Structure formats: C-alpha cells, structure tokens
1. So how far apart, in nm, are the two label points at Thr63 and His14 if each is 7 Å from Cα heading toward Cβ?
2. Averaged per residue, what accessible surface does the chain expose to a 1.4 Å probe, in Å²?
3. Whenever you get a sec, compute what percent of the accessible area on the chain sits on carbon and sulfur atoms (1.4 Å probe).
4. Restricting to DSSP H runs of at least four residues, report the calculated mean residue ellipticity at 222 nm for the chain, -39500 (n - 2.57) per run over all residues, nearest 500 deg cm²/dmol.
Amino acid sequence: MGGDRGLGLTLHMHENGWLSVTVEDPDRPTTFLGIRPEENWVHKHQEDLQRVRQTWPSEVIETAPGAYQWCPHRKR
C-alpha cells in the first residue's frame, strides 16, 4: 500500500510452530508480535489462496516463489 511509503507486513514461521508478525510503517515505530496459531492454519490459508486465485486469476500475481500480490488494475 502506498509504494515504498506504505505499511509493510512480514510473517515468519519458526520451526517450533510460533509465528513472528512484523508491522512496519515509515511514519511510526515498528511493531513486533509473536503468536502460536492453530496447527492447521497454513493449510487453511493455502486453500483460501487457491480459491482467490481461481476467482480472480489475473489480479493475483506471484511476485516471488510463495509470495503473492493483489493487482486490481491488471488487464485480463
């Protein structure tokens, strides 16, 4: 959002099952959060992503392996 000046959200899954969430805003302090999600949360989100990609195939682009971006103005 907002190019280089917008919010940034980073998720990092640790081997012990914990998830580190980092929210970065260039105009505010960075926020860190550690959570322990449900065991099957990754599978649930992968299923949701597949449904989104099937519904809007041209708007969801893969920017890197396993990284996706929403591009609503992309032509079909």
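The values are calculated or read from the model by the stated rules, or taken from the named source; none is laboratory data. The structure presented is a predicted model; accordingly, all values stated were derived computationally and were not measured. Backbone-built Cβ (ideal geometry, glycine too); neighbour counts: all protein chains shown. Heads up: the accessible areas ignore ligands, DNA and RNA and are worked out on the full protein's heavy atoms, side chains in. Shrake-Rupley method; radii C 1.70, N 1.55, O 1.52, S 1.80 Å.
1. For Thr63 paired with His14, the spin-label model returns 2.6 nm.
2. Values: 6540 Å² over 76 residues.
Using a 1.4 Å probe on heavy atoms only, each residue of the chain averages 86 Å².
3. Working: 3550 of 6540 Å².
Carbon and sulfur together cover 54 percent of it.
4. On the way: 1 runs with 15 residues, N = 76.
Helix-only estimate at 222 nm: -6500 deg cm²/dmol.
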